[in-house]
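Q: The structure is given below, and queries will be raised subsequently.
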Amino acid sequence: MPIIVNLDVMLAKRKMSLSQLSEQVDVTIANLSVLKTNKAKAVRFSTLEAICKALDCQPGDILEYAEEEK
């Protein structure tokens, strides 16, 4: 998948656990885990906004585009 989710990197930089983030953004740990492991097919802007607010970061700090190898 050409979009890479670096949620685990930002969590480590902020020294925050997935459960702490889950409480702050009101999203289940299971749903955040799907996002963190790059298995999500979509993310709501409201969820992305809440994550960025909680982690004090920009969407580009969490999402990265990488071309697929052919």
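None of the figures in this text is laboratory data; all of them are computed from the coordinates on show. Please read these numbers as outputs of a predicted model, since none were measured by experiment. For neighbour counting, all protein chains shown are included, and Cβ atoms are generated from backbone atoms with ideal geometry for every residue, glycine included.
Q: Zone of N38 (label point 7 Å along Cα→Cβ, backbone N under 15 Å): which residues in the range 46-70?
A: Inside the label zone: 62-70.
Q: Please list, in order along the range 5-13, the HN-Hα scalar couplings obtained from phi with the Karplus expression 6.51 cos²θ - 1.76 cosθ + 1.60 (θ = phi - 60°), rounded to whole Hz, x for Gly and Pro.
A: Once rounded to whole Hz, the list reads 9, 9, 5, 5, 5, 5, 4, 5, 4.
Q: Using 1/(1 + (r/R0)^6) with R0 = 30 angstrom and r between the beta carbons of A30 and A66, what's the FRET efficiency to the nearest 0.05?
A: Efficiency at R0 = 30 Å is approximately 0.70.
Q: In deg cm²/dmol, rounded to 500, what helix-only [θ] at 222 nm does the chain give when every DSSP H run of at least 4 residues adds -39500 (n - 2.57) and the total is split over its residues?
A: Computed ellipticity for the chain at 222 nm equals -14000 deg cm²/dmol.
Q: If one computes P(r) from the Cα atoms of the chain, what percent of pairs lie at distances over 18 Å?
A: Tail fraction, whole percent: 30.
Q: What lysines could a cross-link reach from K53, if we take a straight Cα to Cα line under 20 Å and drop same-chain neighbours fewer than 8 places away?
A: K13, K15, K36
Q: What does the charge count around N38 come to, taking other residues whose C-beta lies under 14 Å from its C-beta (Lys +1, Arg +1, Asp -1, Glu -1)?
A: Local net charge: 0.
Q: Another one. Based on the Cβ-Cβ distance of K15 and L48, what FRET efficiency does E = 1/(1 + (r/R0)^6) give at R0 = 25 Å, to the nearest 0.05?
A: 0.75
Q: For C57, what is the net charge nearby, where nearby means another residue's Cβ is under 10 Å from its Cβ and Lys, Arg count +1, Asp, Glu -1?
A: Result for the neighbourhood of C57: +1.
Q: Could I ask something else about it? How large is the charge dipole for the range 3-57, taken about the Cα centre, if only the Cβ atoms of Lys, Arg (+1) and Asp, Glu (-1) carry charge, to the nearest 20 debye?
A: That gives the range 3-57 a dipole magnitude of about 180 debye.
Q: Compute the helix-to-body angle for 45-55: its Cα long axis versus the longest principal axis of the chain, expressed 0 to 90° and rounded to tens.
A: Roughly 60 degrees, rounded to the nearest 10.
Q: Hand me the GluC sites (Glu not before Pro) from the chain located in a DSSP loop with no more than 11 other Cβ atoms within 10 Å, in residue order please.
A: E67, E68, E69
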